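**Q** What follows is a single structure, and I will ask about it in a moment.
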């Protein structure tokens, strides 16, 4: 991209190193070489460009490689300001025989700012290039900076369309730079499932699991339909259905609507309708918002029926280098919500303790961090913090956690809490790009407040009474994740302090991505 003129200076320098200064043989030749006294830069045509500072080079030996590094640094600084075809000319090298020093005079012509000509895609199967070119903030005709490549790649990974996106590379086109990416799309139709088994002492083991179905690009590029069914225990099941549209009409947003059902045998049914969205302010930062309408239908001996509306606002920071098996990066989410709950039924017992209207405040934080510690080692850290504030609590208000997606080694949604915090550290040893062995350890704390209900709310929960309880929990385990012709297979063995090796939890998951 750049040129160094007056290359004859390079050959002249070898004569200088041999003891000649300005072509004159000195009485006391410069046996130690010639050192730089100063580097002066003259900018051609423009005067509003940041120039490199070479003051630190004073006293450094003058060599061919030094001049090349000066030119490289000058060109890099100009690239960062959008000038990719600059010319660096060594106009003169003035030598001082007295102290064997040299003053270097450079002339820099930045040229014209280099625009983006367009994108080139390798590996596309279903998505159209015209749709993808609307996603990045960098559009054709705009000035190009070296950091744009990384930002565009992160934007592509964050869409959820790709399994992997390479680092990308710049190529000079007819009218500017072309940014080329090799991509691997996720499948149009994807299945994901998990089965967990916890052996019982009398042979009455517990099976739990979930199944996901994802249909992508059904009507428009970027839309997605997700159906998820979970069997948390013999008596608790959950169903979710979500429709999402990412980058509609090229706008940097993601919009979704969905419904959620949770059935606890004949005790209660939770129904929720939720709308949420993300606005991508940059390649790694988004503002999130949500609104939700909920309804709980319960037996009168447990609690009165309620309905609620809630809305929330949050933020998301993210930067992952792979959609399925990341090795570097992070994904951090924070959201605050306000819920207004209204009692619409009367329990057979006294309802004086439960207000007709109640405001509930919620705060949620979750984070995932991936650190490539060595050639084959990756450390995956997950953590979560949730807290809710209310004057009174129903069992259906509390957060549900425990199991394969939170604290492994416990039954699915075994715990209920108003405040919880846990962390999970998983060192991974990579056998290849998408196959690894892992061990993990999890530790956390939760606080379950006294709930209004005096009855048994959930036969699957370890905490079955309405009294307050706080406890520390932990688990550990090991497993393997490997790529199969069908998809990513993950097998794990988890054990909590309350278990024996014969009663530990075994999870088998298969994702057809």
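The values are calculated or read from the model by the stated rules, or taken from the named source; none is laboratory data. A quick note: this is a predicted structure, and the numbers were derived from the prediction, not measured. Glycine also receives a Cβ, built like all others from the backbone with ideal geometry; neighbour counts cover every protein chain displayed.
**Q** Looking only at region 401-427, filter to residues that are closer than 22 Å to residue 192 by Cα and assigned to a strand (DSSP E or B); which one of those is nearest to the chain's Cα centre (by Cα)? Walk me through how you get there before you give the answer.
**A** Filtering region 401-427 for residues closer than 22 Å to residue 192 by Cα gives 401-413, 426.
From what's left, assigned to a strand (DSSP E or B): 401, 426.
Values: 401: 22, 426: 17 Å.
Within region 401-427, the match that is nearest to the chain's Cα centre (by Cα) is 426.
**Q** Going by the conditions given, is residue 92 outside any loop (DSSP other than H, G, I, E, B) and in contact with a strand residue (DSSP E or B) (Cβ under 7 Å, 6 or more places away or on another chain)? Before you say what the answer is, go through the steps one by one.
**A** Details: outside any loop (DSSP other than H, G, I, E, B): yes; in contact with a strand residue (DSSP E or B) (Cβ under 7 Å, 6 or more places away or on another chain): yes.
Against the criterion (outside any loop (DSSP other than H, G, I, E, B) and in contact with a strand residue (DSSP E or B) (Cβ under 7 Å, 6 or more places away or on another chain)), residue 92 qualifies.
**Q** Consider residue 136 carefully, then state whether it is modelled with pLDDT under 85, surrounded by 13 or more Cβ atoms within 10 Å (Cβ to Cβ), within 23 Å of residue 247 (Cα to Cα) and touching a helix residue (DSSP H, G or I) at 6+ places or on another chain (Cβ under 8 Å). Full working, then the answer.
**A** Numbers: modelled with pLDDT under 85: yes; surrounded by 13 or more Cβ atoms within 10 Å (Cβ to Cβ): yes; within 23 Å of residue 247 (Cα to Cα): yes; touching a helix residue (DSSP H, G or I) at 6+ places or on another chain (Cβ under 8 Å): yes.
So residue 136 passes the test.
**Q** Turning to a different aspect of this structure: Here are 283, 298: which of them is under 30 Å from residue 435 (Cβ atoms), surrounded by 15 or more Cβ atoms within 10 Å (Cβ to Cβ) and touching a residue at least 24 places away in the same chain (Cβ under 8 Å)? Break it down into steps so the answer makes sense when it comes.
**A** On the way: 298 fails: under 30 Å from residue 435 (Cβ atoms).
Checking each option against the conditions leaves just 283.
**Q** Would you confirm whether any residue within region 355-375 is crowded, with 19+ Cβ neighbours inside 10 Å and out of contact with any strand residue (DSSP E or B) (no Cβ under 6 Å at 6 or more places or on another chain)? Walk me through how you get there before you give the answer.
**A** Going through region 355-375, the residues crowded, with 19+ Cβ neighbours inside 10 Å turn out to be 358, 360, 362, 370.
Now restrict to residues that are out of contact with any strand residue (DSSP E or B) (no Cβ under 6 Å at 6 or more places or on another chain): none.
So far as region 355-375 goes, no, none of its residues is crowded, with 19+ Cβ neighbours inside 10 Å and out of contact with any strand residue (DSSP E or B) (no Cβ under 6 Å at 6 or more places or on another chain).
**Q** In region 438-464, what residues are at pLDDT below 50 and closer than 22 Å to residue 232 by Cβ? Before the answer, list the steps.
**A** Narrowing region 438-464 to residues at pLDDT below 50: 454-464.
Across region 438-464, the qualifying residues are 455, 456, 457, 458, 459, 460, 461, 462, 463, 464.
**Q** Write out, first by first residue and then by second, each pair whose Cβ atoms fall under 6 Å of each other, whose residues are 6+ apart or on separate chains, and whose first residue, in region 70-97, is farther than 12 Å from residue 108 by Cβ while the second is assigned to a helix (DSSP H, G or I) and at pLDDT below 85.
**A** 93/9
**Q** Another question, then. Give me the residue from region 117-133 that is in a strand (DSSP E or B) and touching a helix residue (DSSP H, G or I) at 6+ places or on another chain (Cβ under 8 Å) and, out of that set, farthest from residue 60 (Cα to Cα).
**A** At the first step, the residues of region 117-133 found to be in a strand (DSSP E or B) are 117-122.
Within this subset, residues satisfying the condition of being touching a helix residue (DSSP H, G or I) at 6+ places or on another chain (Cβ under 8 Å) are 119, 121.
Details: 119: 42, 121: 45 Å.
Among them, the one singled out is 121.
**Q** Yes or no: residue 286 within 25 Å of the chain's Cα centre (by Cα), over 23 Å from residue 340 (Cα atoms) and part of a strand (DSSP E or B)? If you could, list the steps in order and put the result at the bottom.
**A** On the way: within 25 Å of the chain's Cα centre (by Cα): yes; over 23 Å from residue 340 (Cα atoms): yes; part of a strand (DSSP E or B): yes.
So residue 286 passes the test.
**Q** Is it the case that residue 451 is surrounded by 19 or more Cβ atoms within 10 Å (Cβ to Cβ), part of a loop (DSSP other than H, G, I, E, B) and either within 21 Å of the chain's Cα centre (by Cα) or not assigned by TED's automatic domain parsing to the domain that holds residue 469 (or both)? Give the derivation first.
**A** Details: surrounded by 19 or more Cβ atoms within 10 Å (Cβ to Cβ): yes; part of a loop (DSSP other than H, G, I, E, B): yes; either within 21 Å of the chain's Cα centre (by Cα) or not assigned by TED's automatic domain parsing to the domain that holds residue 469 (or both): no.
Criteria not met by residue 451.
**Q** A further question on this structure: For region 98-135, enumerate the residues that are closer than 30 Å to residue 218 by Cα and without any contact (Cβ under 8 Å) to a residue 24 or more places away in the chain.
**A** Scanning region 98-135 gives 129, 130, 133.
**Q** Within region 257-282, track down each residue that is in contact with a strand residue (DSSP E or B) (Cβ under 8 Å, 6 or more places away or on another chain) and part of a loop (DSSP other than H, G, I, E, B). Before you say what the answer is, go through the steps one by one.
**A** Residues of region 257-282 in contact with a strand residue (DSSP E or B) (Cβ under 8 Å, 6 or more places away or on another chain): 257-265, 267-281.
Scanning region 257-282 gives 265, 267.
**Q** How about region 64-80: which of its residues are in a loop (DSSP other than H, G, I, E, B) and modelled with pLDDT of 85 or more? Working first, answer last.
**A** So in region 64-80, the residues in a loop (DSSP other than H, G, I, E, B) come out as 80.
Once the filter is applied, which keeps residues that are in a loop (DSSP other than H, G, I, E, B) and modelled with pLDDT of 85 or more, region 64-80 yields nothing.
**Q** Filter region 80-93 for residues that are within 20 Å of residue 143 (Cα to Cα) and surrounded by fewer than 21 Cβ atoms within 10 Å (Cβ to Cβ) and give the result. Full working, then the answer.
**A** Step one: filter region 80-93 for residues within 20 Å of residue 143 (Cα to Cα), giving 80-87.
Correct list: 80, 81, 82, 85, 87.
**Q** Quick check, is residue 292 surrounded by fewer than 18 Cβ atoms within 10 Å (Cβ to Cβ) and in the same structural domain as residue 338 (by TED's automatic domain parsing)?
**A** Numbers: surrounded by fewer than 18 Cβ atoms within 10 Å (Cβ to Cβ): no; in the same structural domain as residue 338 (by TED's automatic domain parsing): yes.
Judged against the criteria, residue 292 is not a match.
**Q** For the list (1) within 28 Å of residue 279 (Cα to Cα); (2) surrounded by fewer than 18 Cβ atoms within 10 Å (Cβ to Cβ), I need the number of the one condition that residue 154 fails.
**A** The number of the failed condition is (2).
**Q** Related question: Could you grab me the full set of residues in region 332-358 that are in a strand (DSSP E or B) and modelled with pLDDT under 95?
**A** From region 332-358, those in a strand (DSSP E or B) are 332-343, 357-358; that's our starting set.
Selection gives 341, 342, 343, 357, 358.
**Q** A follow-up question, please. Take residue 50 and decide whether it is loosely packed, with under 13 Cβ neighbours inside 10 Å, in contact with a helix residue (DSSP H, G or I) (Cβ under 7 Å, 6 or more places away or on another chain) and at pLDDT below 85.
**A** Here the answer is yes, as residue 50 does meet what is asked.
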